[in-house]
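Written below as structure tokens is the structure these notes are about.
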Amino acid sequence: MDWYRDAIIYEVRVRSYSDGNGDGIGDFRGLIGKLDYIRDLGVTAIWILPFYPSPLTDDGYDIADYLGVHPDCGTLEDFEEFLAEAHRRDLQVITELVLNHTSDRHPWFQRARGAPPGSPERDWYVWSDTPERYQDVRIIFQDFEPSNWTWDEQAGAYFWHRFYRTQPDLNFASPDVRRAMLEVVDFWLGMGVDGLRLDAVPYLFEREGTTCDNLPETHAFLRELRAHIDARHPGRMLLAEANLWPEEAAAYFGEKGDECHMAFNFPIMPRLYLALATGDRTPVSWILGRMPPLPPGAQWATFLRNHDELTLEMVTPAERALMHEVYAADRRAIVNLGIRRRLAPLCGGDRRKIELLTTLLLALPGTPVLYYGDEIGMGDDLSLPDRYGVRTPMQWSAEPFAGVSATEPALPVVAEPPFSYVDVNVAAQDPYPDSLLNWTRRALATRADMAELFGRGGMTLVDTENAHVLAFLRDYAFRTVLVVANFACTPQAADLALTRYSGRVPADLGSGERWPALTADPYRVTLGPYGVYWLELTR
Ligand code: NOJ
Ligand code: CA
């Protein structure tokens, strides 16, 4: 039970990971062949991006059939074999549940647009005679869509969509829609899927005079969904994708812990990069201080990067401008409000920065989620449209097409230095103990050794005058770990208020190396540029 609290999650775009049949597109057969690599990396769960039949106007988040597998990715049998092979290696599998919208190619939408207004079939989607309704609702894909309403010729009405116009929103006020979605859930969980990422979950319901985000109706449906799962599929996990401030995001756990088990920690993510950009820990310590207490069983999913842009919706305009200046010098990197770059380019290829952020990812409260390719420091391709630049093929080797496929991949591999597949790939890093890949493996092993402490333990900020330095304690069942991180590009010394732990001996988690014991005085720690330590305070 609660496996997700001790997990380390690895996010994979199936289409980019490994091509099993040589058509240039990654698939389940290819992914099965890489499961040993994934297990040996030291993660415990795989989250896979949408693989369902789809016209692919939003990389598969526009689903045309919830119960199938896109032929590019393989067959349902391939998926079942992937699931079995993952489980055989003790890897949990998390798939996508896109509740909010379907593709406009979905038979439900085709039926709805032809059905008479007011009929139950029509009511599967949200229609209007005017585009004036729900005027208080923001546009998410603001670079691409002028409105959340699009006119449908056949229906003779406008339909509602929070994302692309090819993704009409389902109408959750319809009991038929809610029932259909529970059937989708039963299908995949019945097959043995361990967890579902609830895409775009704040937007399920609409109501005039509101922003339509986070409505009580939406939370009520999530309680219904959770009760359904608890009754029929105990032990499975729901992960909310809700890009919000801490209290609002935490609301997706439910007041009584009766909604989602997990929610992405969107608030902390951009602030890690902000601290790195300014050399000042304050944005991180500030947001950590604002994290509300969680109901029992609830868990944040912490992440540095994913398949979308690095979203900057939850920072101030001034912070956003600064982030754009530092991280999007090439203006092509900006999409919507965020930055479409991977971890390594955001860190300027600086190993020290990558290690600093990754160590914090592993040490902060919550379950870490790693994005495929970041373990080797993959780059991105700004010449590709939308967010495809951060979804390029996994770089396995310096062989043609990065070893990802026998033929030219549908999405090109990164071929430009300094992050080209010739320079950055698994085969080149695997033999060398000091490579980023092997550093990451060791860091994951360190975290896994103390999975309960990091996954379930408490977190206390430690006072220090030096604003470049973030220090916090993690503790669980009489064990305590001190984490110290320097966001500055210069060496720093910090005096830490740790007198309560006088007599304890810090021991480096990776090497076991012991430091001088803590005394009644503040404990002085010196760190190199972007230096970071995790030390157990042993008795
Ligand atoms: C969030 C997903 O992460 C993103 O890739 C997608 O475009 C939107 N939801 C719409 O489904
Ligand atoms: Ca293929």
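List of remarks:
- When restricted to residues that are within 16 Å of ligand 1 (Cβ to nearest atom), within 19 Å of GLU77 (Cα to Cα), in contact with a Ser or Thr (Cβ under 7 Å, 6 or more places away or on another chain) and not small (Gly, Ala, Ser), segment 14-61 contains 1.
- A residue that is buried (at least 20 other Cβ atoms within 10 Å of the Cβ) and within 30 Å of HIS233 (Cα to Cα) cannot be found anywhere in segment 149-156.
Conditions (1) among the hydroxyl-bearing types (Ser, Thr, Tyr); (2) touching a helix residue (DSSP H, G or I) at 6+ places or on another chain (Cβ under 6 Å); (3) within 24 Å of ILE268 (Cβ to Cβ), marked per residue:
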| site | (1), (2), (3) |
| --- | --- |
| GLN429 | no, yes, no |
| LEU437 | no, yes, no |
| MET450 | no, no, yes |
| GLY455 | no, yes, yes |
| ASP463 | no, no, yes |
| ALA471 | no, no, yes |
| PHE478 | no, no, no |
| ALA488 | no, no, yes |
| ALA493 | no, no, no |
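- Odd one out for LEU482 among (1) in contact with a Pro (Cβ under 8 Å, 6 or more places away or on another chain); (2) not in a strand (DSSP E or B): (2)
- Candidate set: segment 108-120, residues that are touching a residue at least 24 places away in the same chain (Cβ under 8 Å) and not in a loop (DSSP other than H, G, I, E, B); chosen: the one farthest from ligand 1 (Cβ to nearest atom): GLY114
- Exactly one residue out of TYR273, TYR327, TYR252 is surrounded by 20 or more Cβ atoms within 10 Å (Cβ to Cβ), touching a strand residue (DSSP E or B) at 6+ places or on another chain (Cβ under 6 Å) and within 23 Å of LEU337 (Cα to Cα): that is TYR327.
- Qualifying residue in segment 92-106 (condition: in a loop (DSSP other than H, G, I, E, B), polar (S, T, N, Q) and exposed (fewer than 13 other Cβ atoms within 10 Å of the Cβ)): no
- Residue within segment 150-167 that is of a type in the set (Val, Ile, Thr) and in a loop (DSSP other than H, G, I, E, B) present: yes
- Filtered residues of segment 165-202 (kept if within 14 Å of ligand 1 (Cβ to nearest atom) and either without any contact (Cβ under 8 Å) to a residue 60 or more places away in the chain or under 21 Å from the mean Cα position of the chain (by Cα) (or both)): LEU196, ARG197, LEU198, ASP199, ALA200, VAL201, PRO202
- Hits in segment 1-26 (condition: farther than 15 Å from TRP396 by Cα, in contact with a helix residue (DSSP H, G or I) (Cβ under 8 Å, 6 or more places away or on another chain) and not hydrophobic (A, V, I, L, M, F, W, C)): ARG5, ASP6, TYR10, ASN21
- Screening PHE205 with (1) more than 16 Å from ligand 1 (Cβ to nearest atom); (2) in a helix (DSSP H, G or I); (3) in contact with a Phe, Trp or Tyr (Cβ under 6 Å, 6 or more places away or on another chain) gives one miss only, at (2).
- For segment 207-218, filtering for residues that are over 21 Å from the mean Cα position of the chain (by Cα) and crowded, with 19+ Cβ neighbours inside 10 Å leaves 2.
- Exclusive hit being modelled with pLDDT of 95 or more, farther than 30 Å from ASP6 by Cβ and hydrophobic (A, V, I, L, M, F, W, C), set LEU49, LEU67: LEU67
- Matching entry among ASP475, ASP521, ASP495 (being under 19 Å from LEU364 (Cβ atoms), without any contact (Cβ under 8 Å) to a residue 40 or more places away in the chain and of a type outside the set (Lys, Arg)): ASP475
One line per residue, one yes/no per condition, for (1) surrounded by fewer than 19 Cβ atoms within 10 Å (Cβ to Cβ); (2) in a helix (DSSP H, G or I); (3) of a type in the set (D, E, K, R):
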position	(1), (2), (3)
GLY348	yes, no, no
LYS353	no, yes, yes
LEU357	no, yes, no
LEU362	no, yes, no
VAL369	no, no, no
GLY373	no, no, no
GLN395	no, no, no
ALA398	yes, no, no
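- Verdict on VAL525 being under 17 Å from THR282 (Cα atoms) and aliphatic (A, V, I, L, M): no
- Filter result for ASP123 (at negative phi and assigned to a loop (DSSP other than H, G, I, E, B)): no
- Residue in segment 6-35 that is farthest from the chain's Cα centre (by Cα), counting only those that are of a type in the set (Phe, Trp, Tyr) and within 16 Å of ligand 2 (Cβ to nearest atom): PHE28
- Here ILE63, ILE38 are screened, and the one residue that is free of Cβ contacts under 8 Å to residues at least 60 places away in the same chain, more than 15 Å from ligand 2 (Cβ to nearest atom) and farther than 19 Å from LEU198 by Cα is ILE38.
- Cβ pairs under 6 Å, 6+ apart, first in segment 396-414 and without any contact (Cβ under 8 Å) to a residue 40 or more places away in the chain, second surrounded by fewer than 19 Cβ atoms within 10 Å (Cβ to Cβ): SER397/ALA427; ALA398/VAL422; GLY403/SER397; VAL414/SER420
- Some residue of segment 220-241 being in contact (Cβ under 8 Å) with a residue 60 or more places away in the chain, surrounded by fewer than 23 Cβ atoms within 10 Å (Cβ to Cβ), of a type outside the set (Asp, Glu) and assigned to a helix (DSSP H, G or I): no
The values are calculated or read from the model by the stated rules, or taken from the named source; none is laboratory data. As the structure is a prediction and not an experimental result, all values here were calculated from the model. Positions of Cβ are generated from backbone atoms using ideal geometry, with glycine treated the same way; all protein chains shown enter the neighbour counts.
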